[in-house]
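Right, one structure below, let's go through it.
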Amino acid sequence: MGVFGYCVWPECYDRQVPNQDPIEDPIEASEVTRPTYLGLFSVAMATLMYEILLTRIFSVTMWYHFAFMAISIAMFGMTVGAIIVYLFPNYFRAEKTHQQLALSSLLFAISIVGSFVFHLFVPFIAAGAHWAEALAHVVGTYVVISIPFIFSGVAVCLALTKFTQKVSKLYAFDLCGAAAGCVLLGALLNYADGPSAVFFIAGFAAVSGFLFALGGSQGGGKPFNGIALGSLICAIGLIAFASLNSYMADQQKPLLRLRWVHGYIEPVPLFEKWNSFSRVKIAGDPNDMHRPYAWGLTSKWPQDKKASEMELMIDAGANTWLTKFDGDPSKVEYLKHDLTNIVHYIRPNARMLIVGVGGGRDVLSALIFKQKWIEGIEINNNIIYAVNKYFGDYTGHLDRYPNVKFANDEARSYIARSKDKFDIIQISLIDTFAATAAGAFVLTEHSLYTIEAWRSFLNHLEPDGVLTISRWYFKSRPVEMYRLVSLATAALKDQGVENPRKNIVIVAAMGGASGGRGMDGIGTMLVSKKPFSDADLEKVTNFAKENLFEIVLSPATSIDENFAKITEAKDLEPLLETFPVNISPPNDDSPYFFHMLRFRDIFNANLWANGTMSHNPMAVSVLGLLTITVIILTSLCIVVPLLLRMKSAPLRGSAPLLFYFGMIGFGFMFVEISQMQRLIVFLGHPVYGLSVVLFTLLLASGLGSFITGNLSLSEKMTSFNSPVMRFGALLIIPVIFGSVTPMLIANFSAAETVVRIAIAVALLFPLGLYMGMAFPIGMLMAGGAQKELTPWLWGINGATSVCASVVAVAIALNFGITATFWCGAVCYLLAFLFLLWDFNSKKNQALKL
């Protein structure tokens, strides 16, 4: 039987199905007006903006590993909205669609504000609480924050399933709205703080309600004056408040700000500024004098020798310090006794490059040591503004020194493009305890800790240049330092060094200011292109002895046999396999330096206390529990509606479509997340990865959806206008993409940022174009007798996307980014086979009539 009550297959074209008259759906008969398209564009834009913004806010109010929940919360809420539409067909009748679109969009706006205010004033407590209390807080937050997305899901589902003849164009507006939201949020956060951005987004959602109400009036429906007026007043009020609060926040006097941070009420800071990278907060008393908070400061430093410092906090999980400097080196003499500055003793009068200047301490230290040239790279422009402008009088205006240069750029690509060579490249405690705009697991790993990155660093050193890296140190089992040594060893061997042991020195400072974070101390590793000379080693020994530091590894000594084994191994792989955790050198396909638990040990709590494993496994366990949770919820979203409506729904023959929508849900998310992870490394920062990947894929997918409007089931399967042929013919695109991407990334890694973005867009656009066709093709196949199932099928697509968003990260963590992409490609191949199954089933059924 054909999808609209007629036999539309080529073999029986023009033959009407007996005893069945075409039924005109009143919604299909009415025109979808321009305001309705714009309303869908606006609600999709607001939805994606709020989803991404929540990862920013969660990274501050919770812990970075919970920020990842925002993505699954949004997708789960929208899936529930679609399931509600499916389960209550008598309420969501066709003739009420315009009214329900407007109402659900208005409720989306109102619930954004309500749920956010709830999150502001109810503390999130997970760490240190009883497991039942922690679970209640997690579940409560999940439920409350998901409410707005339920209303958004209802609106989007109604638009895409009640106007099926216009689904290609509607889905295009949906995806283009989401693409616009991705870019707009980055721009918005450069103007507004986080809480203000929430109210702006709620205002955009209310505009959607007004547009949908207007569209209903123009489309022949009843004018919903109450909803339209309410939406308009709500939009004006929300945007006005957001503008006022943004202005007050810029004056450091916001009317509304984050209250609970990590389970505690946060004092009002001296300075707070948001962008798409992070929230930067500075707190402290500029007149207070205390023992310096230098992480690697010698324990011998006298208690009565004090300094003035203020804390700069990135989100709420990574900090650095602003140091008061009035030009008198004697007032910051303690910097000469900080372990992180040991490199200055062996490479004086040097040209040095500092990765991640933070509060400016490394730059100030280099000035105190009178280094010849100091070049500091900082990706976050708000940090540079705070250090050199807002608090410039306090820090001494470091940027005004003639031998100092600050660069607002991403370090790895900046170094790759540089024509200069340096005597020192310094990387001190570049942490990732703060999530970025797209969520913790997808976008928080540093591309600085991979073999490819270190190859670039070493290539930009002078022949006797030194790469110095400081990290937290755990004496009982320093697994993070093990991995650094493994990485250094692999990078040196890649440079042709036969015995890396001669080129590596590690010194540790136990206790001190770092002890407050639960670490034993700080470890600094020096990696030289040439073997360290006897003079170098003597200076290191004298410095360590004078300041009570401990030499962990040198060409002559090692206090831990594991360090010696790693640096002296002829073949690293067999040795590294014997370690209880993964300390193999990361590469760009698996850049997860901080993820050291193997897949089989995710829930092995005995390994969590091994060095920094106390940080990462909590995050990994959250991912593991979230994976189990979303698999259960996905199953329920499929099974529960099936059980509730088994008798009334036209389920016979729906299995191919069920699997089809599930596979394109998995496929899209696998491809999207894998490319976010890959392009973080290529483009240099999570924000670029998010913006370029999401914007390009969504925009291209919108265009792909739009051009499916000419597809017809009446075409022969071999025709390019046949949905099956169109979908199958384009299966070659993921294959080409997966094959050429690694080559292009390798060849253009040192290009300017604009060029790298252009390369990424050129790669992603054909892929997005192809993936955008899948959903409208499925909706076309599900028309007619199976039209009643479309909300459920949309819900299945959403549910599997929720599941895939978590599973994709788990695959990437354990098997690499490339594996995740090819899993997505396989999902699309399976989707094509299920589509072919459905096509042939309908064709055979039609021929029997």
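Each residue, LEU836 and VAL639, gets one label point 7 Å from its Cα in the Cβ direction; the gap between the two is 3.1 nm.
Which entries in LYS253/LYS324; LYS300/LYS324; LYS324/LYS530; LYS306/LYS539; LYS331/LYS545 show an alpha-carbon gap greater than 29 Å? In this structure, LYS324/LYS530 lie more than 29 Å apart at Cα. Normalising by residue count, the range 267-351 has a Cα convex hull of 150 Å³ per residue.
Place the peptides 118-124, 365-371 in order of packing, highest mean first, counting for every residue the other Cβ atoms within 10 Å and averaging per peptide. Intermediate values should be presented prior to the final figure.
Values: 118-124: 16.0, 365-371: 20.7.
For the peptides 118-124, 365-371, the packing ranking is 365-371, 118-124.
Taken along the Cα-to-beta-carbon direction at a fixed 7 Å, the label points for PHE118 and TYR91 span 1.7 nm.
In this structure, the pairs whose alpha-carbon distance is over 20 Å, taken from LYS281/LYS370; LYS336/LYS372; LYS493/LYS565; LYS273/LYS389; LYS305/LYS370, are LYS281/LYS370; LYS305/LYS370.
Overall size of the range 537-578 from C-alpha positions, given as principal axis extents largest first: 39, 15, 10 Å. The base-10 log of I(q)/I(0) for the range 359-398, evaluated at q = 0.14, 0.19, 0.26, 0.30 Å⁻¹, reads -0.30, -0.54, -0.91, -1.07 [Debye formula, identical scatterers on Cα atoms, solvent excluded].
In this simple spin-label model, placing a label point 7 Å from the Cα along the Cα-to-Cβ direction at both LEU229 and LEU255 gives a separation of 2.4 nm. Here the gap between ALA283 and VAL826, fully extended at 0.36 nm per residue and compared with their Cα-Cα distance, gives a gain of 190.4 nm.
For SER299 and ILE736, FRET efficiency with R0 = 56 Å and r from the beta-carbon atoms, rounded to 0.05? Present the calculation step by step, with values, prior to reporting the outcome.
On the way: r = 59 Å, r/R0 = 1.06.
Approximately 0.40, to the nearest 0.05.
Apply 1/(1 + (r/R0)^6) to the Cβ-Cβ distance of ASP326 and ASN381, taking R0 = 25 Å, and write down the FRET efficiency to the nearest 0.05. The formula returns an efficiency of 0.45 here. For the pair GLU546 and VAL761, what calculated FRET efficiency results from E = 1/(1 + (r/R0)^6), where r is the Cβ-Cβ distance and R0 = 60 Å, to the nearest 0.05? Working from the Cβ atoms, E equals 0.65.
For LYS842, the aspartates and glutamates whose Cα falls under 14 Å of its own Cα, not counting residues fewer than eight places away in the same chain, are GLU11, GLU715.
Per residue, the accessible area of the range 232-375 comes to 40 Å², computed with a 1.4 Å probe over protein heavy atoms only.
The values are calculated or read from the model by the stated rules, or taken from the named source; none is laboratory data. Please read these numbers as outputs of a predicted model, since none were measured by experiment. No Cβ is skipped: glycine too gets one built from the backbone with ideal geometry, and neighbour counts run over all protein chains shown. Areas reflect the complete protein model, heavy atoms only, side chains present, ligands, DNA and RNA absent. Shrake-Rupley method; radii C 1.70, N 1.55, O 1.52, S 1.80 Å.
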